[in-house]
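The values are calculated or read from the model by the stated rules, or taken from the named source; none is laboratory data. Just so we're clear, the structure is a prediction, and the values are computed from it rather than from any experiment. Every residue, glycine as well, gets a Cβ built from its backbone with ideal geometry; the counts of neighbours run over all protein chains shown. The accessibility values were calculated without ligands, DNA or RNA, using every heavy atom of the protein model including side chains. Shrake-Rupley method; radii C 1.70, N 1.55, O 1.52, S 1.80 Å.
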Amino acid sequence: MLNFTIRRLIVAVPTLLFIAVVIFALLQLSPGDPMAQVPLTVPPEVKERMREALGLGEPMYIQFWKWLVQFFWIEPQVLIDNIFGTHFADGKLRVLSWQTRSPVMDIVVQRLPQTLWVVGTAYIVAILIALPIGIYSAYKHYSVFDNVGTFVTMVGYSVPPFFSGVLIIVIFSVNMPRESFWWFPSIYDTTLKVTDWESFGQQIRQMVMPVMVLALQITSQLSRFMRASMLDNLNQDYVRTARAKGLGERPVVLVHVLRNSMIPVVTVIALGIPQIFGGAIITEQVFKVNGIGQLLIGAIQANDLPMVQTLTFIFAVLIVLFNLIADILYGILDPRIRYD
């Protein structure tokens, strides 16, 4: 397993480098000019100096190399400085946003807690709900519970978040009396700081609707995967052998069948975790959550290439990382799987 992990980490380096080249090339070929938002009263020579200050007058390969150095060398030093109080990155040029003229990673760190509060909570809630539903639906397949669960999950997975989000806002915010316990704010207050139990309650209330929308879609997907995987393993020979030896239904289902059934589900869960950091773009737009997803949309609309490039590459790193984690978990869940 250790050799496999090392090999995968070595292979990940050229993979991420290739992804970085593709992202950089596509963004460079995209239409738009960062100076388009500069007022028309600014003289052309001033605009040209501004372009040079942003590094736009240099060849593409030099811009790409500078971005690699800043992202992989200078930004880690900034992180170390913030943690340990050192000064390794003092005076060094960082990846700057064209829109705000501030370091990209500083903006990402500011937005990340909002995304983790909402999307991370929704993902945890969805896993805790989806796995038991999928397990019980498979064990009691074609029962009333299974048929109702299948209908609800299919509807939940088919309805897009921009529709379910607006529908929930209409039900629980617009039509519900403000004095009612079931009334929830439709706009997420990103300035709210949790300092006591009252502010914690306000935070929970404003998270209910976006978490509800996200959890519905994630639960629908995971429960269907869990059910299909459980059904496939319930008909295997080792299950019949375990029952023939007199082993009870609970250990057969919750130990033997569940462990083997979790292998494909782990892939779905692991590859879905990068979406937490990417944010739910549509849901964040509907509920005005000032998170990573909304940051990416704003950067695309403003043609902020350093922000878009950095965020997209971070998502790629997370996908490669959690692919590796999923492969390692395969060997833990099923001892028959070996990579050495």
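A few remarks follow.
- Condition check for Ile300: without any contact (Cβ under 8 Å) to a residue 40 or more places away in the chain, under 27 Å from Met209 (Cα atoms), open to solvent by 60 Å² or more (accessible area, probe 1.4 Å) and of a type outside the set (D, E, K, R): yes
- Only one of the numbered conditions (1) touching a strand residue (DSSP E or B) at 6+ places or on another chain (Cβ under 9 Å); (2) exposed (fewer than 13 other Cβ atoms within 10 Å of the Cβ) is not met by Pro103, and that is (2).
- Of all residues in the stretch 87-100, those satisfying the criterion of being more than 20 Å from Phe64 (Cβ to Cβ) and surrounded by 12 or more Cβ atoms within 10 Å (Cβ to Cβ) are Phe88, Ala89, Gln99, Thr100.
- Restricting the stretch 152-188 to residues that are among the hydroxyl-bearing types (Ser, Thr, Tyr) and surrounded by 14 or more Cβ atoms within 10 Å (Cβ to Cβ) leaves a set whose member that is farthest from the chain's Cα centre (by Cα) is Ser173.
- Of all the residues in the stretch 306-329, those that are open to solvent by 20 Å² or more (accessible area, probe 1.4 Å) and either under 13 Å from the mean Cα position of the chain (by Cα) or not acidic (Asp, Glu) (or both) number 13.
- Any hit, the stretch 199-215, residues being modelled with pLDDT under 85, under 23 Å from Val289 (Cβ atoms) and surrounded by 12 or more Cβ atoms within 10 Å (Cβ to Cβ): no
- There is at least one residue in the stretch 237-250 that is of a type outside the set (A, V, I, L, M, F, W, C), on the phi > 0 side of the Ramachandran plot and open to solvent by 30 Å² or more (accessible area, probe 1.4 Å).
- Test for Gly291: is it in contact with a Lys or Arg (Cβ under 7 Å, 6 or more places away or on another chain), in contact (Cβ under 8 Å) with a residue 60 or more places away in the chain and either on the phi < 0 side of the Ramachandran plot or of a type outside the set (Val, Ile, Thr) (or both): yes
- Residues located in the stretch 224-251, provided they are under 37 Å from the mean Cα position of the chain (by Cα) and among the aliphatic types (A, V, I, L, M): Met226, Ala228, Met230, Leu231, Leu234, Val239
- Selection of the stretch 144-175 for residues being of a type in the set (S, T, N, Q) and at pLDDT below 90 yields Thr150, Thr153, Ser158, Ser164, Ser173, Asn175.
- Number of the condition not met by Gly272 [criteria: (1) part of a helix (DSSP H, G or I); (2) at pLDDT below 85; (3) open to solvent by 30 Å² or more (accessible area, probe 1.4 Å)]: (3)
- Some residue of the stretch 55-64 being at positive phi, part of a loop (DSSP other than H, G, I, E, B) and either out of contact with any His (no Cβ under 6 Å at 6 or more places or on another chain) or of a type outside the set (D, E, K, R) (or both): yes
- Filter result for Val268 (more than 20 Å from Leu329 (Cα to Cα), touching a residue at least 40 places away in the same chain (Cβ under 8 Å) and not small (Gly, Ala, Ser)): no
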